[in-house]
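**Student:** This is the structure I want to talk about, given as structure tokens.
The values are calculated or read from the model by the stated rules, or taken from the named source; none is laboratory data. Here the structure is a predicted model, which is why all the values come from computation and not from measurement. Ideal geometry is used to build each Cβ from the backbone, glycine not excepted, and the neighbour counts take in all protein chains shown.
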Amino acid sequence: MPTHFRDMQKKISDSLLQSEVEQSAALVTSKGAVAVDISVLTFLANEKGYKGVVLCIDRPHSFYVKMLEANGVSQKGMRFINVGFKETGENVTRIGDNPGDLTFIKIELVRTAQKMRLDEPNAKLFVLNDAVTTMLLYSDERTVGQFLHDVNNKLRELDVYEVNVIEPEEKLGTIIRKLADVVVDMD
Amino acid sequence: MAFIQELKKKDVILVNVQTNLFKKRFIAAASELAAEFGKVCVASLEVPTMEIAAALGKAGNGKKSICLIGLAAPGKKACPPGGTCAESDGTIMDLSMVLYRFIDTTQPKAVLFGPIYVLGQRNDKMEALKFINYLADDARKSGRKLVLFCNCTTETARQDCLRDVNLFVDKVLEEK
């Protein structure tokens, strides 16, 4: 396992879920989202027993499946929302043609999380979104900001832990940091 | 009403009625859908759910097979006692959560929703249209019937509504 990956995992396990009221995290990285994704998924699924929803906008769900398998992360109870990708699967929902369909995305994201909550009222659940920058290619800052705020509110109501992976210079960094209960600099 | 016959051939229908007839037609539609499909979900954005529940009770439709969604209003209860009912504030995010909580747990065979102009009053118009688009797509994917009701007060609003929502439905019925 590469050292930087181990460092990331340590940073995540030292920083996330430190308090019972914590429900949202922003992980800030300039070195690409993939290593952070796998670190946080390993931590939540393997170490903490979480199940969750991965929003697949930059990479299809098959990428995450391979990445999880390669790193020994359990996919049991994980669901993937493919936005714009044509792949289908048992634990995959396919929606929209592009990441500009924010209304579709938020309805599906919250619906999936709610379904998981109704199925298992005491389960530990999360949602992972690493594609805010890509959303901004299709919609303006105000629209994406409102999307993030709406989703954050509803996931809190459902007691679902939200993780946003963002770049340091992210245009919506201020609101994402404000919405997050914990902000971790991953670099 | 003619829409029940149409629903045998189509999944998603928009029924446009005159404003003064809306309440009567909407309640009658709820009752007919319950009689035809058994399990139904009624999202009423204008007609009080108490009145719908009373009418369904009178028509002999069991409370267990109907789920109702009403709009929250200050100082007023949106739900009748007993049965399955929930309140929403009418925003897309809240309405979709309440609606899909029912749909995903009770698997109704049909959904009655209206009047749709209220969505545009409480939300951005484009977002309201996308929500209707999602409802229609999801109904088709799930083999569930969707009946949307519209009661626009002016001819211009009616034309706007029909032009926009027409894109997502299988059939538009005009009830005079």
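**Student:** Please count how many residues of the stretch B:143-157 are under 17 Å from the mean Cα position of the chain (by Cα) and either free of Cβ contacts under 8 Å to residues at least 60 places away in the same chain or buried (at least 16 other Cβ atoms within 10 Å of the Cβ) (or both).
**Tutor:** Within the stretch B:143-157, residues that are under 17 Å from the mean Cα position of the chain (by Cα) and either free of Cβ contacts under 8 Å to residues at least 60 places away in the same chain or buried (at least 16 other Cβ atoms within 10 Å of the Cβ) (or both) number 9.
**Student:** Looking only at the stretch B:108-122, decide whether some residue is crowded, with 17+ Cβ neighbours inside 10 Å, within 14 Å of another protein chain (Cβ to nearest Cβ) and either under 14 Å from the mean Cα position of the chain (by Cα) or in a loop (DSSP other than H, G, I, E, B) (or both).
**Tutor:** yes
**Student:** Follow-up. Check A:I38, A:I12 and return the single one that is in contact with a Ser or Thr (Cβ under 6 Å, 6 or more places away or on another chain) and either of a type outside the set (S, T, Y) or touching a residue at least 60 places away in the same chain (Cβ under 8 Å) (or both).
**Tutor:** Residue meeting the stated conditions: A:I12.
**Student:** Another question, if that's okay. Taking the stated definitions as given, is B:A53 assigned to a helix (DSSP H, G or I) and under 20 Å from B:P108 (Cβ atoms)?
**Tutor:** The answer is yes for B:A53.
Yes/no matrix, rows are residues, columns are (1) over 23 Å from A:V110 (Cβ atoms); (2) in contact with a helix residue (DSSP H, G or I) (Cβ under 8 Å, 6 or more places away or on another chain):
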position: A:L41; (1), (2): no, yes
position: A:L44; (1), (2): no, no
position: A:G49; (1), (2): no, no
position: A:P60; (1), (2): no, no
position: A:Y64; (1), (2): no, yes
position: A:M67; (1), (2): yes, yes
position: A:V73; (1), (2): yes, yes
position: A:R79; (1), (2): no, yes
position: A:N82; (1), (2): no, yes
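**Student:** With respect to the numbered conditions (1) surrounded by 14 or more Cβ atoms within 10 Å (Cβ to Cβ); (2) among the hydroxyl-bearing types (S, T, Y); (3) over 14 Å from A:N129 (Cβ atoms), which one is the sole condition not fulfilled by A:S19?
**Tutor:** (1)
**Student:** Among B:I103, B:I69, B:I116, which is the only one that is touching a helix residue (DSSP H, G or I) at 6+ places or on another chain (Cβ under 7 Å), in contact (Cβ under 8 Å) with a residue 40 or more places away in the chain and within 23 Å of B:A55 (Cα to Cα)?
**Tutor:** The match here is B:I116.
**Student:** Restricting to the stretch A:104-149, and then to whatever is among the acidic types (D, E) and surrounded by 16 or more Cβ atoms within 10 Å (Cβ to Cβ), can you tell me which residue is farthest from the other protein chains (Cβ to nearest Cβ)?
**Tutor:** A:D130
**Student:** Could you run through the stretch A:178-187 and say how many residues are surrounded by 15 or more Cβ atoms within 10 Å (Cβ to Cβ) and modelled with pLDDT under 95?
**Tutor:** Within the stretch A:178-187, residues that are surrounded by 15 or more Cβ atoms within 10 Å (Cβ to Cβ) and modelled with pLDDT under 95 number 1.
**Student:** So, one more: Please name all residue pairs, on different chains or six or more residues apart, with Cβ atoms under 9 Å, provided the first residue is in the stretch B:123-138 and is on the phi < 0 side of the Ramachandran plot and the second residue is outside any helix (DSSP H, G or I) and of a type in the set (S, T, N, Q).
**Tutor:** Close Cβ pairs (under 9 Å, with a partner that is outside any helix (DSSP H, G or I) and of a type in the set (S, T, N, Q)) amount to B:N123/B:T91; B:F131/B:N123.
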